[in-house]
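Asker: Quick one: the structure is below, and I'll ask about it shortly.
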Amino acid sequence: MQAGEQRARVVVVGGGLAGLAAARKLVMAGHEVELLEARDVLGGKVSSWCDADGDWIESGLHVFFGAYDEIFTLMRDVGIYDNILWKQHVLRYTLAGGDHFDFENWPLPSPMHLLPTVFRNKYFSWPEKLTLARALPRIVLSSDDYYEQQDALTYEEWHLQQGISKKMLKKMFLPMALALKFVPPPEISARVVLDVAGIFLRENGASRMGFLSGSPQDTLIGPIAADLARRGVTIRTGAKARELILDAAGRVAGVRLANGDEARADAFVLALPVHQLNKLIPAEWKREHAYFANLAQFEGVPVITAQLWFDQQVTGIDNILFCPDGCIPVYADLGNTTPDYAVGGRSRIEAVVAPAKHLFDWDDKAIIDQVWRDIQSVFPRRTVGVKITKATVVRIPQSVYWPKPGLNRLRPGQHSPIPNLYIAGGYTRQRFYDSMEGAVASGNRAAAALLEDARTEKLATVGASFALSEE
Ligand SMILES: Cc1cc2nc3c(=O)[nH]c(=O)nc-3n(C[C@H](O)[C@H](O)[C@H](O)COP(=O)(O)OP(=O)(O)OC[C@H]3O[C@@H](n4cnc5c(N)ncnc54)[C@H](O)[C@@H]3O)c2cc1C
């Protein structure tokens, strides 16, 4: 802090990556930070916990992309970047019946890095590959304005307008859309798919994927929380925010918790899932500000994560796997990808089940049976005689937010219309929506907006004293 500046008190609500990142920036700038998390575990959608057997259960399968940036900086600062294990740069699509095809990136300047794989791919015919080749310049060379305009269309509409093969839609882009946002091409905005594809195509290395070396709690969330605690952040779990307390000027004076406690502060960062945030926003703010009214347009997508433990090795693959056939568009054998989970070479498959709407009310056994049938169908020979020793199911009714056409322009920035209130979360405006990178970037931006307001004295009238400095 700079001489003469006073230490401000900031409450961050929500202990996912967005809240953790915001808290770190603010405490590093010298301020008093309290972080409130409703659950007993931190990490939100990246949380993990031990079950009665001592096995880690994950909220969902998480991979890092080479294109990420701010989460890597955070991890380097905390000293945990090396917990990411980068895998061979290849996308493997596994198919019903046991066939597969790969897209392998070569160490050539972009976009030449894709040429060898296009030549070598035998699954799609040459006329099919040419339909994609003709559309590639649109994806690679178009401006952000072009991507933004495509937010009016679904990806399926865009794909067919470009004349790209239907087989590629079904076999390549369906699992990609489901892996990205858990919704299929007829429901996802074209902008989302094109933006991600553009980043991957323009930059060799952007689509490289990495896994944590162990549970998210041990290798990511726990170390970040320990770093925050060391720096003096007060972290309260089991602390559910129920209501905002407003002052006479209509600004936020405090947060009332479910147990009746109050957390008072000079400024607030709400790093919550939208449906939880909506419960805290007073009705008059929704009437007065489109910023808050627009939040009603964000619908959480249901997703299921299934984890299956096996008595022997099933896949033999140490990487992410895609599947266009069945209900598990993306999955991985954590027994191979994640050293802390390795048990004598036996497989432990974590699968994203999507679209999950129609499976959500099935009981766990029915879901596991379906996932197992899909695994058997893509590994017909390797699954003969294999037994499942344990299986778990995690359901998230509102996970990421459905990126339907037209939603993008409604995304909130991190600076709310209320002078001492900042909003963070993977769904807020930044580059990588609903991702770990996006969550960290949004937390950084919310903290930066708060610090900037303080520096320019826009917050000077709030609370008793308010003068913040940059890090
Ligand atoms: C199944 C799945 C797989 C995914 N895979 C990937 C992937 O491979 N790569 C990737 O980059 N991203 C992935 N993501 C996305 C990524 O996990 C999220 O975008 C990111 O973690 C969101 O972080 P957040 O902090 O914005 O929100 P959250 O993680 O939702 O955090 C919000 C926090 O607020 C807390 N909270 C809620 N209500 C209250 C309240 N009233 N008071 C106090 N606290 C409250 C919640 O408990 C939670 O801890 C995946 C998501 C899911 C669901």
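Asker: For Lys279, give me every one of the lysines with a C-alpha distance below 21 angstrom, ignoring sequence neighbours fewer than eight places off in its own chain.
Answerer: Lys45, Lys240
Asker: Sticking with this structure for a sec: For Thr154, enumerate residues with amide H under 5 Å from its amide H, sequence gap 5+ or separate chain, H modeled in the peptide plane.
Answerer: Sorted by chain and number, the residues that satisfy this are Ala190.
Asker: Per DSSP H run of at least 4 residues, take -39500 (n - 2.57); add these up for the chain, divide by its residues and hand me the 222 nm value, nearest 500 deg cm²/dmol.
Answerer: Helices in the chain give a 222 nm mean residue ellipticity of -8500 deg cm²/dmol.
Asker: Something else about it: Can you list which of the trypsin sites (Lys or Arg not before Pro) found in the stretch 363-459 are DSSP loop residues with at most 16 other C-beta atoms within 10 Å?
Answerer: When the trypsin sites (Lys or Arg not before Pro) of the stretch 363-459 are filtered for loop state and at most 16 Cβ neighbours within 10 Å, Arg381, Lys387, Arg431, Lys458 remain.
Asker: If you plug each phi of the stretch 93-98 into the Karplus form 6.51 cos²θ - 1.76 cosθ + 1.60 with θ = phi - 60°, what whole-Hz ³J(HN,Hα) values come out, in order, with x for Gly and Pro?
Answerer: 3J(HN,Hα) across the stretch 93-98, in whole Hz: 9, 9, 10, 4, x, x.
Asker: Checking the cross-link filter: which lysines have an alpha carbon closer than 19 Å to that of Lys390, excluding same-chain neighbours under 8 positions apart?
Answerer: Lys365
Asker: Related question: Consider a paramagnetic label point 7 Å from the Cα of Phe72 along Cα→Cβ; state which residues of the stretch 193-209 have an amide N under 17 Å from it.
Answerer: 199-209
Asker: Just to verify a number: FRET efficiency for Asp363 and Arg455, C-beta to C-beta distance, R0 = 45 Å, to 0.05?
Answerer: Approximately 0.25, to the nearest 0.05.
Asker: Shifting gears a bit: Can you tell me the orientation of helix 17-28 relative to the chain, as the angle in degrees between its alpha-carbon axis and the longest Cα principal axis, to the nearest 10?
Answerer: 40 degrees
Asker: With contacts defined as alpha carbon pairs under 8 Å and 6 or more residues apart, what's the relative contact order of the chain in percent?
Answerer: 24 percent
Asker: Regarding the chain, what's the average projected area of the Cα-atom convex hull, expressed in nm²?
Answerer: Spelled out: convex hull of the Cα atoms, projected over all directions, averaged, 22.9 nm².
Asker: Now for a different question. With a cut-off of at most 16 other beta carbons within 10 Å, and DSSP calling the residue loop, which GluC sites (Glu not before Pro) in the stretch 194-281 qualify? Please list them.
Answerer: Here the sparse-neighbourhood loop sites are Glu203.
Asker: Tell me, what is a quarter of the convex hull surface for the C-alpha atoms of the stretch 111-202, in nm² with one decimal?
Answerer: Quarter of the Cα hull surface area: 5.4 nm².
Asker: So, one more: Where in the stretch 134-170 does the label zone of Asp99 land, with the point 7 angstrom along Cα→C-beta and an amide N cut-off under 16 Å?
Answerer: Answer for this model: 166-170.
Asker: Now for a different question. Estimate the FRET efficiency between Asp55 and Ala249 by the formula 1/(1 + (r/R0)^6), using the beta-carbon distance for r and 45 Å for R0, to the nearest 0.05.
Answerer: Approximately 0.30, to the nearest 0.05.
Asker: Residue-wise, which Karplus ³J(HN,Hα) couplings in Hz belong to the stretch 35-44, taking 6.51 cos²θ - 1.76 cosθ + 1.60, θ = phi - 60°, and x for glycine or proline?
Answerer: The phi angles translate into 10, 10, 10, 5, 8, 7, 10, 8, x, x Hz.
Asker: Which of the lysines could be linked to Lys166 by a straight reach, that is with a Cα gap under 25 Å, when you skip same-chain ones fewer than 8 residues away?
Answerer: Lys122, Lys129, Lys181, Lys357, Lys404
Only the coordinates and a few stated rules stand behind these numbers; no lab work does. This one's a predicted model, so the numbers in the text were calculated from it and none came from an experiment. We place every Cβ from the backbone using ideal geometry, glycine too, and count neighbours over all the protein chains shown.
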